[in-house]
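Since the structure comes first, as structure tokens, the remarks are kept for the end.
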Amino acid sequence: MKYGFIAIVLVLLIGACTTKTNKKSKQESMLFTSGGRTSELLVVMADQNWEKSAGDTIRHTLGEVPPWMAQNEPEYRIAQIAKYQFGPVFQKFRNILIVEFDTSLSKSKVTVRHNVWSRPQTIAKIQSPDLKSFMNAYTNTYKQIKAYYHKNEIARIMDSYRGSEERKVTIAVEKKFGFKMIFPRGFLVATDGADFMWLRRPTREVEEGVMIYTYPYSDTSNFNYQKIIALRDSLTKQYIPGPIDGSYMKVSSFFPPYHVNSKFKGNYATEIRSLWDVHGYAMGGPYMSYTFVDTIANRMVMIDGYIKAPRKEKRDLMLHIEAIFGSFEFVNSPAVKKD
């Protein structure tokens with residue numbers, strides 16, 4: 001019961017801290033743009049605690065490699081400073097975790113605030129009377145805290161995309177499918193097939209790609225991840241050729257797919273994250289997809305995004321795909337509810 005109470009307190013405090021008034025919105029518009037590299041987290045805590053079990057736990061949980069990444073790329077790059085160093089420059093970091101120990105407290109207190117010294121910004125603060133209390137509070141709230149950091153990263157990228165939208169592509173998607181997705185400058189329509197569209201942004205070193213496919217809903221087996229992977233393979237074999245004759249993109253058989261039942265814009269969805277490779281050619285990279293139902297049109301919608309970036313880190317590039325997905329909204333069909 002104690003652990004559940006901590007989690008509930010966190011949720012309530014987040015809700016209280018994110019309630020916006022007109023006055024607060026005006027204040028936030030005057031804030032500095034937040035700093036820090038993509039996927040970077042600043043931890044503010046005493047050196048002696050950082051170098052012991054409390055710091056080890058933070059490094060292990062926030063700096064872990066996601067199960068869908070084949071390369072050794074931790075989810076967050078973590079930097080640590082002591083409280084006395086936490087001045088105006090560091091206060092503008094985008095993602096901040098503050099850990100304080102105070103023996104006058106009777107129990108741990110966990111709060112999450114947004115856009116305090118800059119925007120977009122997420123600041124989580126854990127105050128505990130001792131190590132045991134901290135470990136209990138942290139263990140039961142870090143996933144929620146991490147989700148807010150992740151949402152903050154996606155929000156920053158989405159904001160930048162709105163200022164550099166490739167309108168021709170956005171309009172083409174909306175006209176064909178009845179929903180809107182914001183694609184940044186450089187994206188183009190590579191293939192426009194029956195109920196299918198392949199969009200890509202190729203550069204000299206990196207290619208970002210998105211596939212969209214809609215098909216009739218039949219039953220709940222449409223959410224089976226193995227069927228979704230088989231469907232993806234059939235589409236890429238038909239529409240996405242490899243660099244040599246007879247080669248084509250497919251889901252890698254050497255990497256177990258990460259799949260989970262989740263929500264996408266409020267609707268039940270199957271989320272898959274895994275690796276793709278090329279039949280007949282040595283090439284590959286990460287991809288992710290959401291497959292969900294449009295109940296108004298009685299159709300399934302699959303949006304799928306991948307990265308091709310040889311010899312480059314992929315973690316931050318995949319956030320670009322998530323930002324495009326995050327901009328999804330129905331225009332002619334209100335089936336999917338907004339977050």
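Scanning the range 66-120 for residues that are part of a loop (DSSP other than H, G, I, E, B), farther than 30 Å from F254 by Cα and of a type in the set (F, W, Y) gives F86, W117.
Within the range 258-276, the set of residues being over 15 Å from the mean Cα position of the chain (by Cα) and surrounded by fewer than 18 Cβ atoms within 10 Å (Cβ to Cβ) comprises N261, G266, N267, Y268.
Each residue in the range 37-64 was checked for being part of a helix (DSSP H, G or I) and buried (at least 18 other Cβ atoms within 10 Å of the Cβ), and 6 of them qualify. Of the residues making up the range 285-325, just one is out of contact with any strand residue (DSSP E or B) (no Cβ under 9 Å at 6 or more places or on another chain), farther than 23 Å from T236 by Cα and at pLDDT 90 or above, namely D316. Of all residues in the range 111-136, those satisfying the criterion of being aliphatic (A, V, I, L, M) and under 23 Å from the mean Cα position of the chain (by Cα) are V112, V116, I123, A124.
Just to be sure before I move on: is V89 buried (at least 19 other Cβ atoms within 10 Å of the Cβ) and among the aliphatic types (A, V, I, L, M) in the structure I sent? It would help to see each step written out before you state the result.
Details: buried (at least 19 other Cβ atoms within 10 Å of the Cβ): no; among the aliphatic types (A, V, I, L, M): yes.
Judged against the criteria, V89 is not a match.
Taking the conditions (1) touching a Leu at 6+ places or on another chain (Cβ under 7 Å); (2) surrounded by fewer than 17 Cβ atoms within 10 Å (Cβ to Cβ) in turn, V110 satisfies each one other than (2).
I'd like to check something: does the range 19-37 contain any residue that is at pLDDT 90 or above and under 30 Å from Y306 (Cβ atoms)? Don't jump to the end; show me each part of the working.
First, pick out the residues of the range 19-37 that are at pLDDT 90 or above: none.
No, the range 19-37 contains no residue that is at pLDDT 90 or above and under 30 Å from Y306 (Cβ atoms).
Among the residues of the range 231-251, at least one is under 26 Å from K176 (Cβ atoms) and either touching a residue at least 60 places away in the same chain (Cβ under 8 Å) or not assigned by TED's automatic domain parsing to the domain that holds M300 (or both). Taken over the range 163-178, the criterion of being free of Cβ contacts under 8 Å to residues at least 60 places away in the same chain and either touching a helix residue (DSSP H, G or I) at 6+ places or on another chain (Cβ under 6 Å) or part of a helix (DSSP H, G or I) (or both) is satisfied by R167, K168, V169, T170, I171, A172, V173, K175, K176. Sub-8 Å Cβ pairs linking a first residue in the range 190-208 that is of a type in the set (D, E, K, R) to a second residue that is crowded, with 16+ Cβ neighbours inside 10 Å and in a loop (DSSP other than H, G, I, E, B), at least 6 apart or interchain, are R200/F187; R201/F183; R201/F187; E205/A309; E207/A309; E208/F187, ordered by first then second residue.
The values are calculated or read from the model by the stated rules, or taken from the named source; none is laboratory data. The model shown is predicted, which means the values in this text are computed figures rather than measured ones. Counting neighbours? That spans all protein chains shown, and the Cβs are built from the backbone with ideal geometry, glycine included.
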